[in-house]
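Accompanying notes for the structure given below.
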């Protein structure tokens, strides 16, 4: 069947070239629409439950927040691990799901169980789930710098100008703000005056909360006009806080400024953000939504930066700190360079050993078509483009052209020895069918050589499966093209004057070297087998000795560790 397919492909050039063009166009479209990233996502499907309980110790957080939430999340469907972490004032609960679980299905299940679990928490404590991002969602980071504004002002620009503008970019899950100072009203109490006037902290807290609110009323009709009653009470200035009435003593009001000092100051900080060791800055981190194209997300963020630049203060400068697109472009350039180098090497091999330039075009044209077919398969199976997947294609490139080179060389041999008057196409078909089936099955064997990698699970599987998939796709495409496109291209390009092998000085020199070696090996088969057995034994001994040494070192380290 393979021989008949080779003959049909060589005689029907138009259908073969048309099908090749369609496959290449589909692969090119897939290449332009594949999700691009620098590294594969090794993180599990997980949902993070974040809860704030300000001012509480870690043990209180553990007992009243983390434990109730973690115990409730244990019964979430398809969850395999639940981890809880308690810190000062905050609680984190990580719900990790089985491989293959849809992230948004998992988030909806966690929300269902969170509604009932929240009733067991202290009053005023509200748990929330984290953004729909993964561990590699950190795709871009920038710093907000200004020579005229202080850290509090740059943080205000970040929180109220940049954060909301960038969150609108397609594919962004969250814009996290770090560094700088968050402005807030600080009320510094005077305990002595509070005791003298009989003011408690609870009363002061309740008075501040009640005074910072707008209230609505009914409507009043005057002169056939309707007026809406609206009480405005939001705090907008330090003086508004200082004028809050805490109590009335014999008709004299006791104001907040009578027992406390009101200031505009920074919120408590647990860390800082520095840039190049030159001082503190305000920074923003762009988190990519799950399953999005990292390169497109970065482009959308940069586009939003250009749109909001005119609304920022003139002294504010946005400095990129981390941009993953540079690493993505570097990975793509590596594949392009590898493909170009392989094409050059193939062309040189064909020209030097066959002394026929047009024959090199067969292998050169077959190589990019096979790579594009591999990209089409990646798009169909939902495999993104990253360093590992592109590495699989780079590994396969060297073996993809082997069949084409062998078939071209065999065709040259047949043309050298062909009888005068025999049709050139029949000679090429005979040469291709002689080695084509063997080459086809040899490429299939190479294709299935990475099958054991598909048995890996969890993080190991997520790391190496893209490489195995793309290597398999590329070799399968090469096997198919070796019995379809290569015979058709041979019928087009392998023509003209064919230089015999004995007239090529390089071939004569190589034959002069390797023929005596082959004769010697064939005459001393027993010695060759003994030498191979010795090499195998030496390799096994070195491997076993290395494992024993490593085990002994590990035992020594375990015995001396505290």
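The values are calculated or read from the model by the stated rules, or taken from the named source; none is laboratory data. Being a predicted model, the structure only gives us computed values, none of them experimental. All Cβ positions, glycine included, derive from the backbone under ideal geometry; neighbour counts span all protein chains shown.
Is it the case that the range 379-402 has a residue that's surrounded by 14 or more Cβ atoms within 10 Å (Cβ to Cβ), more than 31 Å from the chain's Cα centre (by Cα) and more than 21 Å from residue 29 (Cα to Cα)? Checking the range 379-402: at least one residue is surrounded by 14 or more Cβ atoms within 10 Å (Cβ to Cβ), more than 31 Å from the chain's Cα centre (by Cα) and more than 21 Å from residue 29 (Cα to Cα). So is residue 8 within 27 Å of the chain's Cα centre (by Cα) and either buried (at least 18 other Cβ atoms within 10 Å of the Cβ) or part of a helix (DSSP H, G or I) (or both) or not? No; evaluated as a whole, the condition is false for this residue.
Here is the figure for the range 222-241: residues that are in a strand (DSSP E or B) and modelled with pLDDT under 85 total 3. Taken residue by residue, the range 251-260 has at least one member that is in contact (Cβ under 8 Å) with a residue 40 or more places away in the chain, assigned to a helix (DSSP H, G or I) and surrounded by fewer than 20 Cβ atoms within 10 Å (Cβ to Cβ). Number of residues in the range 17-46 that are touching a strand residue (DSSP E or B) at 6+ places or on another chain (Cβ under 6 Å) and in a loop (DSSP other than H, G, I, E, B): the value is 3.
With respect to the conditions (1) touching a residue at least 40 places away in the same chain (Cβ under 8 Å); (2) within 26 Å of residue 387 (Cβ to Cβ); (3) buried (at least 16 other Cβ atoms within 10 Å of the Cβ), residue 304 lacks only one, and its number is (2).
Among the candidates 46, 59, the residue that is over 24 Å from the mean Cα position of the chain (by Cα) and either surrounded by 13 or more Cβ atoms within 10 Å (Cβ to Cβ) or not assigned by TED's automatic domain parsing to the domain that holds residue 274 (or both) is uniquely 59.
Residues that are crowded, with 24+ Cβ neighbours inside 10 Å and at pLDDT 80 or above were ranked within the range 338-365; the one that is farthest from residue 13 (Cα to Cα) is 363.
Annotation note: of 96, 145, the sole residue that is assigned to a strand (DSSP E or B), modelled with pLDDT of 90 or more and farther than 30 Å from residue 308 by Cβ is 96. Does residue 65 satisfy the criteria of being part of a helix (DSSP H, G or I) and either within 26 Å of residue 466 (Cα to Cα) or touching a helix residue (DSSP H, G or I) at 6+ places or on another chain (Cβ under 7 Å) (or both)? So residue 65 does not fit the description; no. Of 498, 427, 445, all but one fail to be surrounded by fewer than 22 Cβ atoms within 10 Å (Cβ to Cβ), in contact with a helix residue (DSSP H, G or I) (Cβ under 7 Å, 6 or more places away or on another chain) and over 24 Å from residue 14 (Cα atoms); the exception is 498.
Taking the range 187-200 only, how many residues are part of a strand (DSSP E or B) and loosely packed, with under 15 Cβ neighbours inside 10 Å?
2
Flag set for residue 485, criterion: under 15 Å from residue 408 (Cβ atoms) and touching a residue at least 60 places away in the same chain (Cβ under 8 Å).
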